[in-house]
Every structure is written in structure tokens, then in C-alpha cells.
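All of the numbers you see were taken from the coordinates with simple rules; none came from a lab. In this text the structure is predicted, and so the values were computed from the model without any measurement. No Cβ is skipped: glycine too gets one built from the backbone with ideal geometry, and neighbour counts run over all protein chains shown.
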Amino acid sequence: MIRAFRGELVKLRQSTYLFGIAAVIAFMLITLVVSVTDPGPVAGDRGPAGLVLSRDGLEAADGLARSLGNVVTFLGIVVLALVSVNIGGEYRFGTIRSSAVRLPFRGRLLLGKTMALFGYLAVTVVVTVAIAAPAAQLMAGPGVDTERWWGREGVAELMLGTGSLIAASWAWATIGVLLAVLLRSAPAAIGVGIAYILPVEILAVEVAPDAAAWLPGQLIVSLARGGDNAAAQAETLVGVASWATIALVGATLVFKFRDITD
Amino acid sequence: MPMDLAVRTVGLEKRYGERVAVEALDLAVPTGRVTGFVGPNGAGKTTTIRMLLGLIRPTSGTGEVLGRPLDRPAAYLERVGALVDGPAFYPRLSGRANLAVLERLAGTRGGIERALELTGIDDRADDPVGSYSLGMRQRLALAAALLGDPELVVLDEPANGLDPAGIREIRTLLRRLADDGVTVFVSSHQLAELEHVSDHLVLLRAGALVYQGLLSSLLARRAATITARPEHAADLEALARIASDGGGHVRVRDGAVSAAGAGPAASARLNRSAHAAGITLAELTVAAPTLEEIFFGLTEDGAR
Ligand SMILES: Nc1ncnc2c1ncn2[C@@H]1O[C@H](COP(=O)(O)OP(=O)(O)O)[C@@H](O)[C@H]1O
Ligand SMILES: [Mg+2]
């Protein structure tokens, strides 16, 4: 697995992956404009664009972390696109053949690659937060009292929020891995993935609100947006981890036993 | 398995639904030689090679590669270098970086410079592969196959898209590999590309084996084509009759009689008989069959 991980690191030097970081940062800044400037007296759910906190909520210690978490849906779209391009590209360029001949343990090949992508995503989230946190302070302006963001509790919440975003990016990535392995094409995986996250899940929740408690996209979103209820968050994390495991195991099994004819 | 076979398969078969891509293939590829794997497009060469490399599972059949069972490819692939179905690279990475990915996957190191040098792409190694010509990508693919000092090199149509000079270079390289004791198994849909470099030949048609063995035995098996031109066109028919008595496939064309597949010494016999019948030959030539002719002869036999 370490072999596949190290091989993937060479590929991550491509400019696509720098653009990926830039895209996440850009989405984050757009999200923050919506989330931290000019808060109202009550919170408002903007669906995929996030949960805009009330003034009290925003000025709380976890106000910054929860606002940053609003990027999770956009983050999902970027992650799905990158992962699909990565794995779909292996099929498109035929590099899947030479890779599987050089590393015939297919499970290790796919998991090592996934681990490298995880590493890249963690760096992406950390860099994004490092830029977005001071930016949020600037955007909030003098009208919002941000003192508690930078207190002890606030910084702890920021770390936790960053961790949740990393976890969310990994979970999105596993869905991308599964779709890209199944469909063997970047455009197909991106299309299906985004169609699933946006219209399909959103409609499903409209029809059956209970589904929000277990649909993977809904769970990932709620993990990243955080909340006051630690027990509920822990449950969400378990749900996300379960889906991620299912996706990775499924992708690995398909990849392991399917002929490579591309 | 005798020690001198690098690849052996027994009844190897691959079906895609109803379609049989490779049928009951018994392969024997000798160690340390160049074996040409020839068949028209769609004959099943790539499918066979994919099975040997563990990329696809045979529908049935068994085999061994470098003494290890075919169904455990991980046990032998680290000693194998391959080019399957055309060069495959990340176009935005340089040639060198592409090789680095493969070397890291294989868990080896230090072979990149030598492979680049052997295949003569060292001066473009730092450019993105997307900017390479097809010929350069073929060479880079060859370099990739040579990483890690393999004992067996499997090359699927390495000459595709190369100009005659490039094809000659590849032949030289393959010969050099075999001289160093490396087993080379190389496919082509054109016999002419491999005719001058192969020691051993495997001919495939429609998924089935047509011939396998020494190139020289194959050449000996098929007799030459004799062309005899009588001095007077009026003697053509008589000459054709005489030629038919000698056996072989006789045709009259362009004022000459040609007899394909006649046995050895047939030309001397024809000359003598013609003379005895009072026919003077203005021309008598013996043309060795090209491998293409041999191949078509064999595959036509197979079709009957
Ligand atoms: N993945 C596949 N699905 C269905 N048929 C296939 C597949 N791969 C190859 N074939 C068929 O198997 C036959 C042999 O193909 P191939 O091995 O590529 O031949 P070659 O390499 O000699 O040109 C062809 O008829 C081809 O259409
Ligand atoms: Mg082929």
C-alpha cells in the first residue's frame, strides 16, 4: 500500500491538484461572505449554501467553525470532481494497466491511492482554513463581536471544525472512488455524483424527512456544519464512517475482481 | 514444466459472452529468446497478453509464467516488464515522472536513467508526455517495460505507429535484450515487423493457435513458388500441364506458369520435363515464400 501511496504522490504534483486547492479556497470565501457578514436575529437554512447563523450563534465560540463548515457541499463537489478525474483518468489514459502490472495487489493499489488522496485533501482543508479564518474576521467587520472565536474554547472549536471538514472531505472522496471505479470514467462519475448529492438527496429528504438521518450526503453535511449536541454529532460521525467504509470496501471488491479491459 | 519455458499455457481460453476471444491456447514461449506473437487484428493477442499479466481472468485453462501459476500473478509480475495495448501515460507529467510513478508502484528504484538511455528519449524526458509524438510514447512505453530489469518482457504491438527506422531500432533493442538472456514475447499484426528478429514464432488467428515453433522450421515447411516462362506463348498450356504433374498449385498468368507449394528440386524437374517436351524456357525463377504468404497459407488451411 505504501508503494501505491508513494506513486500517487508523484501524480499529485500536477497543476490540477493546485487548482483543486484554489477552488476550495474560492468556494470557502464565497461561503463566508454569505455566512458571516451582516447576521440577522434568526438563523436561516440556505440548503446547499449552508446554515446562516443568527447573530448570537455567529458570535458564539463555535460561530466561526460552524460558518466554515458551510462550505461542505461545495467541498463535496470539488472533491468528487478531483477524485473522479484522478481515477477516471487511470482508465482513460490506460495507466490502470501498467499500474496493475507493476503492483498486482489491486486492493493495496486502490487503497494506497486513496490514502494519498486523503493526505492531499487534509492539506487542502488545513490550507483553506488557514486562509479563511482570518478572512472571516475581516469580512465580519466591526459589526460582529468575534472575540469568542479566538478564545480558548473558540480555537478548540476551530480545530474540531477543521477536523470535521477533513473527515467530510474524506467521506466525499470515498463516494468519488466508488463511483469512478464503478463507472470507469471521470465525466460519468462527476455527473452521477453531483446529481446524487444535489437533486436526488435533496428530493429524497423533501419526500421523506427521516431519510436525512441516514442518507450519506446529509450525514456528511451535518457532520461538517457541527452543532451543539455532542451525542448527535458522535452518531453522525459513526454514520459517515459507516458509509465511507461501505463505499471503500465496495470499490475495492469491484476493483479487485473485475477484469481490466481498458 | 521444463525449465526452458518462460511461459506455458494449457487450454487457455477467454470468452466475452458468446464471443470467444481466445480458444484452447497451448502456448510455449522459450526462455531467453525473442518470440514473435503474430495474428491479424482481433486475433486475440492483446487478450492473451492481458491474461498472462493478470489483468483479466481466463474463462478456463491454466498456465505458468516464469515457473509460477498463472492465477497468482503477483508471484511473478515483479520479474516481468510489459507494454499492453499501446503506450499509457499521464499526459501532463513528464516522461521521467511517469516512469517514477511506475518505479514507486513496483517498489524498485534507480532504473529510470538506464531505461531512458536504452530507448533514447533522455533528451525529452523532462517534457510532458502529452507533447510527445506517438513514436516517442512508444519508446517511453518500452522504457517503462524495461524498468526493474525484468526477466520476461511482454510487448503488445510495440512497433505500432513507428516509422521504419523506429521499427529497426526496436528490433535491435529486442535482439540485445535476448542476447542478455531476457525472454522477449512481442506481438504484432504484421509478420514482416517481427520476421527478422524472432527466433520463435506463435501465429494466432481468430483466437486459435495456427503455428508455434522455430521460425526456421516454418520457413522450411513451405516450398517456394516457381515461375516459368516459355519462349513461345503457344507452349503455355503444355507447360502448365507438365507443371501440374509436378504437384503444387499451378496458375497461368502474364504469359508465364507459376507453381506454388511445389517440393524441393521441382524447378530442375520442370526444366528437364519442359526440355524433353521440346519447350524452351525463356525464364525460370524460384521465389522463396515471404512469411506473409506462409502465414496466409497456414491460416487458409486452418479455415478449411
Ligand atoms: N472487453 C471485451 N469485451 C468483448 N469483446 C472483447 C473484449 N476485448 C476483446 N474482445 C474481442 O476479443 C477478440 C480479440 O481481441 P484482441 O485480443 O484485442 O485482439 P488483438 O489484440 O489480436 O487485435 C476481438 O474479437 C475483440 O472484439
Ligand atoms: Mg491488440
Computed Rg/Rh of chain A, alpha carbon atoms with Kirkwood Rh: 1.00
Please list the equivalent ellipsoid semi-axes of the range A:26-133, computed as the square roots of five times the alpha-carbon gyration tensor eigenvalues, in descending order and whole angstrom. 39, 13, 10
Reachable lysines, given that their alpha-carbon falls under 16 Å from the alpha-carbon of A:Lys11 and they are not under 8 places away in the same chain: A:Lys113
Please report the relative contact order for the range A:28-69, taking Cα pairs under 8 Å with a sequence separation of at least 6, and give it as a percent rounded to a whole number. 38
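Could you work out the relative contact order of chain A, using alpha carbon pairs under 8 angstrom and six or more residues apart, expressed as a whole percent? Please report the intermediate quantities before stating the final value.
Working: 362 pairs, mean separation 72.3, N = 262.
Normalised by residue count, the contact order of chain A is 28 percent.
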Please report the Cα spread of the range B:112-183 along all three principal axes, rounded to whole Å, starting with the longest. 34, 26, 18
Rounded to the nearest 0.05, what FRET efficiency do A:Ile30 and A:Val126 have when you use their Cβ-Cβ distance and R0 = 25 Å? 0.80
Neighbouring partner chain Cβ atoms per residue of A:6-17, average, 10 Å criterion: 4
Over the C-alpha atoms of chain B, what are the Rg and the largest Cα-to-Cα span, Dmax, in Å? 23.7, 77
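Grab the other residues whose beta carbon is less than 10 angstrom from that of B:Gly32, score K and R as +1, D and E as -1, and report the net. Let's see the in-between values first.
Details: positive: B:Arg33; negative: B:Asp4, B:Glu151, B:Asp179, B:Asp180, B:Asp199.
Net charge around B:Gly32: -4.
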Rounded to whole angstrom, the alpha-carbon centroid of the range B:147-175 lies from that of the range A:138-205 at a distance of 48
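Relative contact order of chain B, please, whole-number percent, based on alpha carbon pairs below 8 angstrom and at least 6 residues apart. Numbers along the way, then the final one.
On the way: 607 pairs, mean separation 58.6, N = 304.
19 percent.
When Cβ neighbours within 10 Å are restricted to other protein chains, what is their mean count per residue of peptide A:87-100? Can you show the working numbers first?
On the way: counts 0, 0, 3, 2, 0, 2, 7, 6, 8, 2, 10, 17, 5, 7.
Mean shielding by partner chains, rounded to a whole number: 5.
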Taking a cut-off of 27 Å between Cα atoms, list the lysines near B:Lys14, but don't count ones fewer than 8 places away on the same chain. A:Lys256, B:Lys45
Using a Gaussian network model of chain A with C-alpha springs under 10 Å, which one of A:Val155, A:Val79, A:Val240 is most mobile by mean-square fluctuation? A:Val155
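Counting only other residues whose beta carbon sits under 14 Å from that of A:Leu178, what net charge do I get with K and R as +1, D and E as -1?
Working: positive: A:Lys113, A:Arg184, A:Lys256, A:Arg258; negative: none.
Every neighbour counted, the sum reads +4.
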For every other residue with a beta carbon closer than 15 angstrom to the beta carbon of A:Val36, add +1 if it is Lys or Arg and -1 if Asp or Glu, then tell me the sum. -2
How many nm separate the modelled label positions at A:Glu153 and B:Gln190, each set 7 Å beyond the Cα in the direction of the Cβ? 7.8
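Only Lys, Arg, Asp and Glu count, each charged at its Cβ (+1, +1, -1, -1), so figure out the dipole size of chain A about its Cα centre, rounded to 20 debye. Walk me through the numbers on the way to the answer.
Numbers: 19 positive and 18 negative charges, 337 e Å.
Using only the charged Cβ atoms, the result is roughly 1620 debye.
Using a 10 Å cut-off on Cβ to Cβ distances, tally the other chain neighbours for every residue of B:74-84 and report the average as a whole number.
Working: counts 5, 1, 1, 6, 4, 0, 3, 3, 4, 3, 6.
Per residue, the number of nearby Cβ atoms from other chains is 3 on average.
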Can you tell which of A:Ser84, A:Ser185, A:Ser67 shows the greatest fluctuation in a Gaussian network model of chain A with Cα springs below 10 Å? A:Ser185
Residue among B:Val22, B:Ala277, A:Leu75 farthest towards the positive dipole end of the protein assembly as shown, charges placed on Cβ: B:Ala277
How much mean residue ellipticity at 222 nm does chain A get from its helices, if each DSSP H run of length 4 or more adds -39500 (n - 2.57) and you divide by all residues, to the nearest 500 deg cm²/dmol? -25000 deg cm²/dmol
Can you compute the radius of gyration and Dmax for the protein assembly as shown, using only the Cα atoms, both in Å? 33.2, 121
Chain B, Gaussian network, Cα under 10 Å: of B:Asp156, B:Asp127, B:Asp245, the residue fluctuating most is B:Asp245
Please state the charge dipole magnitude for chain B, taken about the Cα centre, from unit charges on C-beta atoms (+1 on K and R, -1 on D and E), reported in debye and rounded to the nearest 20. 480
